[in-house]
Amino acid sequence: MCGIGGIYLPDGVVMTPSLVSALEATWTALEDRGRHASGFSWSPIDGDATHAWKAALPASEAVDCKVFNRAGLSVRSMLLHTRYTTQGSTRNNGNNHPVVREGITLTHNGVLRNDFEVFSHFGLERLHEVDTEALNAALRHGGVEWLCDTLEGSFSVAWVDDTVSSQQVNLLTNGRNPLVIGRTSEGCIVWASGLHHLDSFDVVESFHALPFKHYTLNPSGIIS
């Protein structure tokens, strides 16, 4: 069990210190789904590549260290993760989230049963032990439809694919792990494993993500 969350800022909506505080509160709240490690990524609004930070410590300690200062306020999106270890030691930071490889930055809640088969199918070298790496590989080499048809187990995922656009966030669940998507009074789009994780935001509307529907968040602010 892990926790995922994040924020997307459409055109005309800017990051503020109060939104950063709300994000920090969300990240800390997600500790109820894992405290073994934490991480986040951010995509600058200028279209630069996505960046990530992660470490084998709880999110609350990362918040105390002010790690969000690395991102600044000029961001399009931020992805959050808290980890409860099921496969791959947190001492190897490559096993922690976000999992980054070849332009895809991904956070995952769930457990996969056939992750080794993904690497075998595509003839790929595995860099770390965490099962999430198979999701990253499946997206790169098979695409969303192949991933949904092939991956066994449970997953709710959020990812940015810089090879397509660092200005787009993707959300997907197979329904075996919770994923809630909402919109705030400021116009931000937020998501998390549970609605209660978003209590720090002024969420004016929300819904549970449908299984196997690929949601995309874009600068227009439309959730498609």
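The values are calculated or read from the model by the stated rules, or taken from the named source; none is laboratory data. None of the values given here were measured: they were computed from a predicted structure. For neighbour counting, all protein chains shown are included, and Cβ atoms are generated from backbone atoms with ideal geometry for every residue, glycine included. These accessible areas exclude ligands, DNA and RNA; they are computed on the full protein's heavy atoms, side chains included. Shrake-Rupley method; radii C 1.70, N 1.55, O 1.52, S 1.80 Å.
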*With all protein chains present, calculate the accessible area of residue 84 using a 1.4 Å probe and round the result to the nearest 10 Å².*
110 Å²
*asked:* Quick check on the chain: what does the Kirkwood estimate of hydrodynamic radius come out to from the alpha carbon pairs, in Å?
replied: 17.0 Å
_Suppose every Lys and Arg Cβ carries +1 and every Asp and Glu Cβ carries -1, with no other charges. What dipole size does the chain come out with about its Cα centre, to the nearest 20 debye?_
260 debye
*Could you work out how far the C-alpha centroid of segment 185-224 sits from that of segment 10-38, in angstrom?*
13 Å
_Among 169, 109, 207 - extreme Cα towards positive end, dipole of the chain, charges at beta-carbon_ = 109
*Report ³J(HN,Hα) in whole Hz for each residue of segment 172-177, in order, from the Karplus equation J = 6.51 cos²θ - 1.76 cosθ + 1.60 where θ = phi - 60°; Gly and Pro get x.*
7, 9, 9, x, 9, 9
*Search the structure for amide H atoms under 5 Å from the amide H of residue 223, placed 1.01 Å from N in the peptide plane, and list their residues when 5 or more places away or on another chain.*
none
*Cα extents of segment 45-100 along the three principal axes, largest first (Å)*: 36, 24, 13
*Do any trypsin sites (Lys or Arg not before Pro) in segment 1-106 lie in a loop, going by DSSP, with at most 13 other beta-carbon atoms within 10 Å of their beta carbon, and if so which?*
66, 91
*Would you kindly state how much longer the chain becomes between residue 66 and residue 196 on full extension, computed as 0.36 nm times their sequence separation minus their alpha carbon distance, in nm to one decimal?*
44.5 nm
*Counting other Cβ atoms within 10 Å, keep those with at most 14, restrict to DSSP loop, and tell me which GluC sites (Glu not before Pro) in segment 74-145 are left.*
102, 125, 129
*Could you work out the helix-only [θ] at 222 nm for the chain, with each DSSP H run of four or more residues adding -39,500 (n - 2.57) and the total divided by the number of residues, to the nearest 500 deg cm²/dmol?*
-5500 deg cm²/dmol
*Enter the Cα centre distance for the pair segment 114-146 and segment 45-80, rounded to the nearest angstrom.*
26 Å
*Just the accessible area for residue 128, please: 1.4 Å probe, Å², rounded to the nearest 10?*
50 Å²
